[in-house]
Amino acid sequence: MSTPGVRLPILVSFYETYLADQDTAQFLRHVQQYYTQGTLQRLAEHPAPQIRRAAVLALGLLGDYEANATMGRALHDDDRTVRMLAENGIRSVWRRAGTPKQQELLAVIVRLNESRRYQEAAQRASQLIAEAPWLAEAWNQRAIARFGMEDYTGAIEDCHQTLELNPYHFAAATGMGHAYLRLNNPRSALESFRRALKLNPSLEAVRCQVVRLSRLIEGK
């Protein structure tokens, strides 16, 4: 719904139409016709929440890794819908770094991890890391694979590297916390979960871990 007295860009009309018909392809066609990524990034920090919602949705569907910082800031937005769209969209943005070939390999690694084929995923991720060591999501996917293989120390190392390359990667901070728990290191786990929550305050499961571990440690 439009805000009275505020002239909204056509992007909001595209967004409202999308909410009504859920036609993602049409939304993307319209956005690509009228907007550059740079403009969308600026609109993602507009004072009007309708505009921020539309821009963050568009960036999540279309944006490349250049949108990472914008999406990371949107995780702290005052508007709950913006935060939700940012959390959903930023994960896709993370996977759009690198060349098309590297993105294809990354997609393969993601599917292998989802299928619990961790050893193969780790091998493919190592190959991608050797080729593109700056690709944060390759390190994160190898961390997931190593965690699945119960190599928790290796997973932690890869999570650290992910966060060095991408300081907005709340998923790596969360994963690191779970790995520390498996190593019976609650203090480091608490530190990691607090870092994840600082990056993304909407992580309610992580918030519960922070409360639980804080009580556990304070009770010792």
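Could you go through the stretch 120-135 and let me know if any residue there is within 18 Å of the chain's Cα centre (by Cα), buried (at least 17 other Cβ atoms within 10 Å of the Cβ) and either free of Cβ contacts under 8 Å to residues at least 60 places away in the same chain or not in a helix (DSSP H, G or I) (or both). Checked against the condition, which is being within 18 Å of the chain's Cα centre (by Cα), buried (at least 17 other Cβ atoms within 10 Å of the Cβ) and either free of Cβ contacts under 8 Å to residues at least 60 places away in the same chain or not in a helix (DSSP H, G or I) (or both), the stretch 120-135 yields at least one hit. Restricting attention to the stretch 159-181, does a residue exist that is charged (D, E, K, R) and either at pLDDT below 95 or over 22 Å from Asp64 (Cβ atoms) (or both)? The answer is no, given that none of the residues of the stretch 159-181 is charged (D, E, K, R) and either at pLDDT below 95 or over 22 Å from Asp64 (Cβ atoms) (or both).
Just one residue in the set Arg182, Arg73, Arg91, Arg80 is farther than 30 Å from Glu16 by Cα and of a type in the set (D, E, K, R); that residue is Arg182.
Per-residue answers, yes or no, for (1) surrounded by fewer than 21 Cβ atoms within 10 Å (Cβ to Cβ); (2) more than 15 Å from the chain's Cα centre (by Cα); (3) modelled with pLDDT under 95; (4) not in a loop (DSSP other than H, G, I, E, B):
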| site | (1), (2), (3), (4) |
| --- | --- |
| Val6 | yes, yes, yes, no |
| Arg52 | no, yes, no, yes |
| Ala67 | no, no, no, yes |
| Thr70 | no, no, no, yes |
| His76 | yes, no, no, no |
| Arg83 | yes, no, no, yes |
| Ile90 | no, no, no, yes |
| Glu104 | yes, yes, no, yes |
| Val108 | yes, yes, no, yes |
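Scanning the stretch 20-37 for residues that are within 17 Å of Leu61 (Cα to Cα) and without any contact (Cβ under 8 Å) to a residue 24 or more places away in the chain yields Asp21, Gln22, Asp23, Ala25, Gln26, Arg29, His30, Gln33, Thr36. The number of residues in the stretch 192-220 being of a type outside the set (Gly, Ala, Ser), farther than 15 Å from His76 by Cα and out of contact with any helix residue (DSSP H, G or I) (no Cβ under 8 Å at 6 or more places or on another chain) comes to 6. State whether one or more residues within the stretch 2-19 are without any contact (Cβ under 8 Å) to a residue 60 or more places away in the chain, out of contact with any helix residue (DSSP H, G or I) (no Cβ under 8 Å at 6 or more places or on another chain) and among the hydrophobic types (A, V, I, L, M, F, W, C). Yes, the stretch 2-19 contains a residue that is without any contact (Cβ under 8 Å) to a residue 60 or more places away in the chain, out of contact with any helix residue (DSSP H, G or I) (no Cβ under 8 Å at 6 or more places or on another chain) and among the hydrophobic types (A, V, I, L, M, F, W, C). The listed residues are Ile109, Ile51, Ile90, and the only one of them that is within 20 Å of Asn140 (Cβ to Cβ), of a type in the set (A, V, I, L, M, F, W, C) and not assigned by TED's automatic domain parsing to the domain that holds Glu131 turns out to be Ile90. For the stretch 13-50, what are the residues that are of a type in the set (Ser, Thr, Tyr) and part of a helix (DSSP H, G or I)? Hits for the stretch 13-50 are Ser13, Tyr15, Thr17, Tyr18, Thr24, Tyr34, Thr39. Restricting attention to the stretch 184-220, the residues that are surrounded by 14 or more Cβ atoms within 10 Å (Cβ to Cβ), aliphatic (A, V, I, L, M) and free of Cβ contacts under 8 Å to residues at least 40 places away in the same chain total 8.
The values are calculated or read from the model by the stated rules, or taken from the named source; none is laboratory data. What you see is a predicted model, and the numbers here were worked out from it, not measured in a lab. Positions of Cβ are backbone-derived with ideal geometry, glycine not excepted, and every protein chain shown enters the neighbour counts.
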